[in-house]
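Presented below is the structure to which this report refers.
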């Protein structure tokens, strides 16, 4: 495999969205890597240098929302060089209701602005997930962000609580996580159904057994509170923020909790924060169906009767569904020693490249190989989805996503009720609807509960918030962006007409210009923008 392909998939993997089969299907954002070519990561440089100097602190930046939190809000970040970046930690409480109790360290990193003379300040970034390490997002910043932002902002990444290097939750050993991911996503016998349900109960039991007290405090609300401690430590009265996918839910939650501290906010690939797990999963089923149909139609448009999937749209979709069905009947061999391509892994391998049109060629390679009896490429893409490398998992994102989603919303239905959901889900996605329906079982067995309920989000009094949606986004359907922009009192909608996930740095000059004009110049569109 070429290094360019590795870089593309590393960025594709680093940034996950909204749930796994088990709590909604989790998705990825790509950061625009497909058009960037081959570049080194930002951690390859020599560490023999001084960290970038801090900007002047703003008066009142460290004022805590309550006196008991003052020790956390009074922290100063001690940046240390780590390659070409700066790294640090920040102390936050495990439970904000008990600030004198246990604490842990949030992992941070920073990519200094390339034009320090015109530096605007720090832009906190979150790639989604939930569960994706934000520090990885900054490490890959040259792939995810365009030069205008890289020049004027210090990009600050953080691993949200329970993820990456921020006291990561641990639920299963690698072999157990491999088995969970390889589950038949559409179990069709009593034994398979029982095994499917039991596997998730064992997962959540493992979370409690193998993790510390933080496993019960990894909600989006608590992460938003961490984000305000970070703002204070950066010495800024207002938080400037770029959040993608699930990062939009995090940003919207922050805006509700701390509206006066909202600076320039971009929520890219937005989530409708009013929807429950079933509604989110149902919408994602439709989103992936739309993306899959666009992929098949492109094959028909460009190759005509020579399209390898078949001569019509419906035949092409049936061919793709057949790859998963065949892997269920008989897992495909791969070149990864001791590993086969199961139905579950085939499914993840198929949906992974749908996040960026530039990755469709990877899907074509994977499907062609699978149709020839070789599951290697689809296994590679499935592994990329979960940050699995040949030596094991690079991070805990595949575990954290379930732990966070199910703590935010523990909704689950008994396995015997899933068939009653088939009609609705197959209407949304004739190709993979039943797989999404089975995802409704996934929070079964969670053993902890959130310390505070999620708030109703309106963000009254917040500065303007730019919300983006892409018309054929598979993971965060366009309707979600329309809804979030309407729900936020100061929301402004930017619509990108196109394929793939998120709007920024996807080759649409109109969208890029509008986002950068807002972040760099503070220019707020007077009405919704269509690109």
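The values are calculated or read from the model by the stated rules, or taken from the named source; none is laboratory data. All values derive from a computational prediction rather than experimental measurement. Positions of Cβ are generated from backbone atoms using ideal geometry, with glycine treated the same way; all protein chains shown enter the neighbour counts.
Looking at the range 240-249, can you tell me whether even one residue there is closer than 29 Å to residue 480 by Cα and in a loop (DSSP other than H, G, I, E, B)? Working first, answer last.
First, the residues of the range 240-249 that are closer than 29 Å to residue 480 by Cα: 240-249.
If we keep only those that are in a loop (DSSP other than H, G, I, E, B) too, we end up with 245.
Yes: one or more hits.
So that you can scan it fast, the table gives a plain yes or no per residue for (1) at pLDDT below 95; (2) on the phi < 0 side of the Ramachandran plot:
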{"residue": "430", "(1), (2)": "no, yes"}
{"residue": "451", "(1), (2)": "yes, yes"}
{"residue": "454", "(1), (2)": "yes, yes"}
{"residue": "472", "(1), (2)": "yes, yes"}
{"residue": "483", "(1), (2)": "no, yes"}
{"residue": "492", "(1), (2)": "no, yes"}
{"residue": "495", "(1), (2)": "no, yes"}
{"residue": "500", "(1), (2)": "yes, no"}
Residue 447 - would you say it is in contact (Cβ under 8 Å) with a residue 24 or more places away in the chain, surrounded by fewer than 16 Cβ atoms within 10 Å (Cβ to Cβ) and on the phi < 0 side of the Ramachandran plot? yes
Would you mention how many residues in the range 250-289 are out of contact with any strand residue (DSSP E or B) (no Cβ under 8 Å at 6 or more places or on another chain), surrounded by 24 or more Cβ atoms within 10 Å (Cβ to Cβ) and closer than 19 Å to residue 222 by Cβ? 2
On the given criteria, is residue 227 touching a strand residue (DSSP E or B) at 6+ places or on another chain (Cβ under 8 Å) and within 13 Å of residue 161 (Cα to Cα)? yes
State yes or no: is residue 187 in contact (Cβ under 8 Å) with a residue 40 or more places away in the chain, over 23 Å from the mean Cα position of the chain (by Cα), within 24 Å of residue 245 (Cα to Cα) and surrounded by fewer than 24 Cβ atoms within 10 Å (Cβ to Cβ)? no
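Test of understanding: among 416, 389, 427, which residue is surrounded by fewer than 24 Cβ atoms within 10 Å (Cβ to Cβ) and under 23 Å from residue 292 (Cβ atoms)? Break it down into steps so the answer makes sense when it comes.
Working: 416 fails: under 23 Å from residue 292 (Cβ atoms); 389 fails: under 23 Å from residue 292 (Cβ atoms).
Matching residue, one of 416, 389, 427: 427.
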Look through 518, 504 and report the one residue that is at pLDDT 95 or above, touching a strand residue (DSSP E or B) at 6+ places or on another chain (Cβ under 8 Å), assigned to a loop (DSSP other than H, G, I, E, B) and surrounded by 20 or more Cβ atoms within 10 Å (Cβ to Cβ). 504
Among the candidates 436, 432, which residue alone is within 30 Å of residue 295 (Cα to Cα), surrounded by 18 or more Cβ atoms within 10 Å (Cβ to Cβ) and out of contact with any helix residue (DSSP H, G or I) (no Cβ under 6 Å at 6 or more places or on another chain)? 432
Please list, ordered by first then second residue, the pairs with beta carbon atoms under 7 Å, 6 or more apart or interchain, first in the range 276-297 and farther than 22 Å from residue 442 by Cβ, second surrounded by 24 or more Cβ atoms within 10 Å (Cβ to Cβ). 290/474; 295/354
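Taking the options 135, 219, name whichever one is closer than 27 Å to residue 435 by Cα and either out of contact with any helix residue (DSSP H, G or I) (no Cβ under 6 Å at 6 or more places or on another chain) or modelled with pLDDT of 95 or more (or both). Steps first, please.
Values: 135 fails: closer than 27 Å to residue 435 by Cα.
From the options 135, 219, the qualifying one is 219.
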Hits in the range 380-417 (condition: touching a helix residue (DSSP H, G or I) at 6+ places or on another chain (Cβ under 6 Å) and closer than 30 Å to residue 308 by Cα): 381, 382, 384, 385, 386, 387
What's the total number of residues in the range 298-336 that are exposed (fewer than 15 other Cβ atoms within 10 Å of the Cβ), without any contact (Cβ under 8 Å) to a residue 40 or more places away in the chain and under 29 Å from the mean Cα position of the chain (by Cα)? 2
Restrict the check to the range 464-478 and report whether at least one residue is buried (at least 19 other Cβ atoms within 10 Å of the Cβ), out of contact with any strand residue (DSSP E or B) (no Cβ under 7 Å at 6 or more places or on another chain) and not in a loop (DSSP other than H, G, I, E, B). no
